[in-house]
1. Quick one: in segment 329-363, which of the residues that are open to solvent by 10 Å² or more (accessible area, probe 1.4 Å) and among the acidic types (Asp, Glu) is farthest from the ligand (Cβ to nearest atom)?
2. Quick check: anything in segment 89-97 under 27 Å from residue 206 (Cβ atoms) and buried (at least 19 other Cβ atoms within 10 Å of the Cβ)?
3. Given the conditions (1) hydroxyl-bearing (Ser, Thr, Tyr); (2) open to solvent by 10 Å² or more (accessible area, probe 1.4 Å); (3) within 11 Å of the ligand (Cβ to nearest atom), which single one is not true for residue 326?
4. Kindly indicate the residue of segment 289-302 that is open to solvent by less than 70 Å² (accessible area, probe 1.4 Å) and among the aliphatic types (A, V, I, L, M) and also nearest to the chain's Cα centre (by Cα) among those meeting that condition.
5. Could you check segment 129-247 for strands (runs of 3 or more DSSP E) lying wholly inside it with 3 or more residues that are open to solvent by less than 40 Å² (accessible area, probe 1.4 Å)?
6. So, in segment 248-257, how many residues would count as being in contact with an Asp or Glu (Cβ under 6 Å, 6 or more places away or on another chain) and either at positive phi or crowded, with 24+ Cβ neighbours inside 10 Å (or both)?
7. Taking the options 257, 223, 266, 201, name whichever one is within 30 Å of residue 37 (Cα to Cα) and in the same structural domain as residue 287 (by TED's automatic domain parsing).
8. Looking only at segment 104-128, filter to residues that are among the small types (Gly, Ala, Ser) and out of contact with any His (no Cβ under 8 Å at 6 or more places or on another chain); which one of those is surrounded by the fewest Cβ atoms within 10 Å (Cβ to Cβ)?
Amino acid sequence: MTITPAAQGKATACLALADGTIFYGQGFGATGETVAELVFNTAMTGYQEIMTDPSYAGQVVTFTFPHIGNTGANPEDDEAADPVAAGMVVKWDPTESSNWRAAERLTDWLVKRGRVGIGGVDTRRLTRAIRQQGAPHVTLAHDPDGNFDVAGLVARARAWSGLVGLDLAKEVTCAQSYRWEETRWAWPTGYGRREGAGLRVVAIDYGAKRNILRCLASAGCEVTVLPATATAEDILAHDPEGVFLSNGPGDPAATGVYAVPMIQGVLERQLPVFGICLGHQMLALALGAKTIKMNHGHHGANHPVKELATGKVEITSMNHGFAVDSQTLPEGVVETHVSLFDGSNCGIRIADQPVFSVQHHPEASPGPQDSYYLFERFADAMRDRRVA
Ligand SMILES: NC(=O)CC[C@H](N)C(=O)O
């Protein structure tokens, strides 16, 4: 079923921006209201992975792809136990699912997980507004009776202090350590588990996507996951051959308060370190660089990134609203990757050590698989140390 934008009188959902702009539409998913930052994601597939990516905590996602819901939802594609994105904004009402993997309708899946959605929104107009003004604070409300106190919705969006300064990693991290065993169900040609004993890796969970852990396991790692607040001593007690720093939500500077001393402690041991997204930002902060809030961030599955050493361009999956300021990289830290959209930093490494990180998502989920080589690079760095 397709729907047209709802007039105020018929609306069952309302999206109120802090600047007073109001979008009416049809509500779906859970009823209620949520206050969050609004971002747009341009991926054409993978809405379930996007909604369950813990890095979206505190954010409502506008999907620029208009047909959302047609593949339903299934138990395998969750990137975390629950959706962590606060809500979704789509152009059309979610369609009936039509896919052999669908176990339930997206709408029912959202109801069970307590997430609100609004359909019938002019997402092109909304996306243009986000690009121009930056990611706004919004209140998204779903009420089947259509009773909206619009002034109240706007006031609550305005009153919200936003993501800057918020440490959300501690909200979405695991409660205790665990072993991760599952591998990827498919691995791009030319990659795969190598022979020999597994590489002992400690992965710090700032809100880790499951497919990252699968990729590490598929590259030959025996992964022990530790909570975000683990100290260097906690990590070293596992006698790791390498340390992985995961993606995660919120302001890197806020999470850095406890992550930076831990990483500095790990770096003293000269262990291979690999970070993705928030993990990249944590490593940069630990090395003395600074992070900045972007205007509207990068959220999609078609972002070109150049590896400076080779000149090769990777098409990547992205989801970040903060970035490492490459002007602040200290001596001895090399910029390895840049975004070809806006030149922002997408990767660093320590010049003479196997310590590196990237802003984009080599595990994709959803997105292209061009950057998987980074998992192999991390595994190779650990294997090289065994041989040396
Ligand atoms: N995907 C991530 O790890 C996001 C990192 C950070 N929260 C940002 O928005 O930039």
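The values are calculated or read from the model by the stated rules, or taken from the named source; none is laboratory data. Quantities reported herein were computed from a predicted structural model and do not represent experimental measurements. In this analysis, Cβ positions are derived from the backbone assuming ideal geometry, glycine residues included, and neighbour counts consider all displayed protein chains. Quick note on the areas: whole protein, heavy atoms, side chains included, nothing else; ligands and nucleic acids left out. Shrake-Rupley method; radii C 1.70, N 1.55, O 1.52, S 1.80 Å.
1. If we filter segment 329-363 for residues that are open to solvent by 10 Å² or more (accessible area, probe 1.4 Å), which is where we start, we get 329-336, 338, 340-344, 349-354, 356.
Those left that are additionally among the acidic types (Asp, Glu): 331, 335, 342, 352.
Details: 331: 25, 335: 17, 342: 14, 352: 27 Å.
Looking at residues that are open to solvent by 10 Å² or more (accessible area, probe 1.4 Å) and among the acidic types (Asp, Glu), I get 352.
2. Scanning segment 89-97, I find at least one residue that is under 27 Å from residue 206 (Cβ atoms) and buried (at least 19 other Cβ atoms within 10 Å of the Cβ), so the answer is yes.
3. Every condition holds for residue 326 apart from (3).
4. Out of the qualifying residues, it is 301.
5. Numbers: elements: 137-142, 178-180, 199-205, 221-227, 242-245.
So the answer is 137-142, 199-205, 221-227, 242-245.
6. 2
7. 257
8. Residue satisfying both the conditions and the ranking: 114.
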